[in-house]
1. Under 21 Å from B:Phe90 (Cβ atoms), crowded, with 20+ Cβ neighbours inside 10 Å, modelled with pLDDT under 90 and not hydroxyl-bearing (Ser, Thr, Tyr): is that true of B:Pro406 in this structure?
2. Sort out for me the helices (runs of 4 or more DSSP H) sitting completely within region A:1-71 that have 2 or more residues that are touching a strand residue (DSSP E or B) at 6+ places or on another chain (Cβ under 9 Å).
3. Hey, among B:Leu249, B:Leu218, which residue is surrounded by 19 or more Cβ atoms within 10 Å (Cβ to Cβ) and assigned to a helix (DSSP H, G or I)?
4. Among residues belonging to region B:102-115 that are crowded, with 24+ Cβ neighbours inside 10 Å and touching an Asp or Glu at 6+ places or on another chain (Cβ under 9 Å), point out the one that is farthest from the other protein chains (Cβ to nearest Cβ).
5. Between a residue in region B:366-385 that is on the phi < 0 side of the Ramachandran plot and any residue that is polar (S, T, N, Q), which pairs come within a Cβ distance under 7 Å, given they are 6 or more apart or on different chains?
6. If I ask for residues that are at the interface with chain A (Cβ under 8 Å from one of its Cβ atoms) and either of a type in the set (Asp, Glu) or in a helix (DSSP H, G or I) (or both), which ones from region B:281-306 would you list?
7. Looking at this structure, is B:Phe262 under 28 Å from B:Pro205 (Cβ atoms) and either within 14 Å of chain A (Cβ to nearest Cβ) or touching a helix residue (DSSP H, G or I) at 6+ places or on another chain (Cβ under 8 Å) (or both)?
8. Need pairs with beta-carbon distance below 8 Å; first residue at positive phi and within region A:28-42, second assigned to a loop (DSSP other than H, G, I, E, B); sequence gap 6+ or separate chains.
Amino acid sequence: MGTRDRIRNLLLGIYAVSCLLAMTWPVYDRFGNSIEPYVLGLPYSLAWVVGWVLMTFVVLVAYHATGKDERG
Amino acid sequence: MPSWWIVFGVSLAYLLASLIIGILPGRKASRTAAGFVAGDRTLGLLVMYFITGATIFSAFAFLGGPGWAYSKGAAAFYILAYGSLGLLPFYFFGPRAARLGRQFGFVTQAEMVAERFGMRSIAGVMALVSVLGFVPYLALQMKGAGYVLAAVTRGNIPEWAGAALVYGIVLIYVSRSGVLGVGWTNTFQGMFMMVLAWGLGLYLPYKLYGGVEPMFRLIADSRAEMLVAPGLTATGDPWSWGEYSTAVLISIIGFSVWPHIFMKAFTARDDRTIRRTVVLYPTFQIFLVPLYLIGFSGILFGSAPERADQILPHMLMHMEIPAVLVGLFCAGALAASMSSGDAMAHAAASIAVRDGLVEALGRRYDEVRQRSLIRITVFVLMIASYVLAVTYRGDLVTLLLYAYGPIGQFAPVILVTLYVRRATGRGVLTGLLVGSAVTIFFGLRPDLKPFPLHPGIYGLAVNLMLLVVVSALTQRQVSQRDDDFLEIARSG
């Protein structure tokens with residue numbers, strides 16, 4: 001495994017742990033768990049979770065696009 | 001013509017379309033078990049995306065998702081939360097398993113584990129647990145389909161007849177086309193479900209409250225506790241953060257090792273297809289949002305259904321909505337039920353034959369014979385599930401939770417099979433058996449749990465501990481075989 005792959009994996013790992021924490025106690029409770037402000041009509045507590053799901057998509061696209069599988 | 005006829009006609013047209021789409025690809029597959037179970041390893045990205053997505057979105061998501069939001073509020077968000085990372089392990093497990101599948105001809109999860117450790121009994125245990133888990137799950141899907149048809153036709157089609165009609169069609173295309181039939185119908189059903197869920201999810205709040213935000217503002221005024229996590233339990237008490245958080249965690253861990261999902265690694269055309277499916281999966285997950293909107297729109301609806309998961313049909317039947325629209329909704333719910341039910345019937349039968357008969361009991365059948373045995377087993381399992389669906393009067397969801405607890409315990413098994421050289425078969429088997437027992441025990445007696453955490457967490461802790469300890473005690477010479485196996489997993 002090259003240095004590049006190591007960094008990619010490390011970053012993905014950090015993201016996965018952050019995402020898990022963001023969606024569970026205590027991070028979700030402290031930062032994402034309120035009704036206001038409304039985002040696109042959704043209460044913030046729901047928009048927060050939707051936001052992290054979308055963020056996961058973006059991170060996975062980036063991880064996948066930089067892997068050797070897609071580079072050739 | 002009475003309006004229930006229109007509703008039924010629309011549903012029937014939908015069922016026929018599914019049948020045709022499901023039957024056509026059967027001609028292309030080879031007449032072997034690999035053709036029937038793994039589609040000769042030819043599935044591309046579009047079908048893989050919908051086969052994983054639509055398989056996961058079952059009648060539970062389509063009726064249960066709104067039901068949870070309606071009765072438990074923000075507790076429902078946990079389903080969305082675990083889906084974001086849930087398929088991620090598959091990005092790494094999937095290609096490894098696929099390489100081993102191509103080399104050794106595996107089409108199920110358990111044959112891979114049994115080959116790695118040279119122990120047939122593991123395949124037997126995994127097969128038994130999987131089949132025991134699938135039958136109540138399938139029965140639940142059948143009940144869902146029968147219930148929806150009965151509700152929208154105002155009882156003119158009784159539940160038993162609706163379930164028989166819908167699953168008769170599933171039986172035809174699954175036994176004819178195998179996984180290719182499942183794949184193409186799921187693609188069609190998946191698209192249909194998405195359009196319908198978004199349509200209803202935006203239409204109901206708009207029609208009833210003048211929009212999504214006005215609806216949430218009304219709920220915030222009178223039932224604010226519904227909009228903040230961790231929401232409520234089934235009895236209406238506040239849910240605990242420990243249970244909510246560990247439910248998210250255990251679901252992420254267990255998600256990608258569900259046999260009917262994991263087996264799809266063996267169907268993909270190449271590694272790239274598997275990885276891309278995982279990358280795209282969160283976009284499918286967003287489809288829960290309109291389902292939540294439907295559920296939330298029921299909170300202030302006025303009248304209440306008998307059971308929470310009946311909220312969507314309940315609202316549709318009590319509003320002035322054209323019969324064609326109700327028919328489309330019905331078709332969408334049937335799509336959700338069928339797209340999970342077909343994959344389960346197919347997976348359970350494949351597992352029973354390949355892992356149970358061939359691997360664990362050591363019967364020798366050629367590939368063509370295996371294929372016909374799997375078809376017969378699809379039939380037998382569907383009849384068994386149907387009988388359970390129409391006769392069992394207890395709470396099926398509870399039965400399902402007991403059955404599914406042990407499947408979550410497959411995660412460490414798959415992990416060490418694909419990555420860890422020093423693990424032994426006895427360690428794996430001991431961990432699996434005791435871990436499952438612990439999960440079931442705390443599922444049955446939640447009052448004995450030392451902390452309010454998901455029962456699967458206790459099972460996993462014991463499972464991992466025993467796996468490590470027993471593996472260390474039964475350590476044999478690490479053989480060339482283990483090295484070869486892991487080398488194939490790594491590079492094909």
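The values are calculated or read from the model by the stated rules, or taken from the named source; none is laboratory data. These numbers come from a predicted model, not from an experiment. When we count neighbours, we look across all protein chains shown, and the Cβ atoms used for this are built from the backbone with ideal geometry, even at glycine.
1. The answer is yes for B:Pro406.
2. Of the helices (runs of 4 or more DSSP H) lying wholly inside region A:1-71, those with at least 2 residues that are touching a strand residue (DSSP E or B) at 6+ places or on another chain (Cβ under 9 Å) span A:44-65.
3. Details: B:Leu218 fails: surrounded by 19 or more Cβ atoms within 10 Å (Cβ to Cβ).
Step by step, each of B:Leu249, B:Leu218 is checked, and only B:Leu249 is surrounded by 19 or more Cβ atoms within 10 Å (Cβ to Cβ) and assigned to a helix (DSSP H, G or I).
4. B:Ala114
5. B:Glu367/B:Thr32; B:Val368/B:Thr32; B:Arg371/B:Thr32; B:Ile374/B:Ser350; B:Arg375/B:Ser175; B:Val378/B:Ser175; B:Phe379/B:Ser175
6. B:Pro282, B:Thr283, B:Gln285, B:Val289, B:Tyr292
7. The answer is no for B:Phe262.
8. Final answer for the pair search is A:Gly41/B:Gly211.
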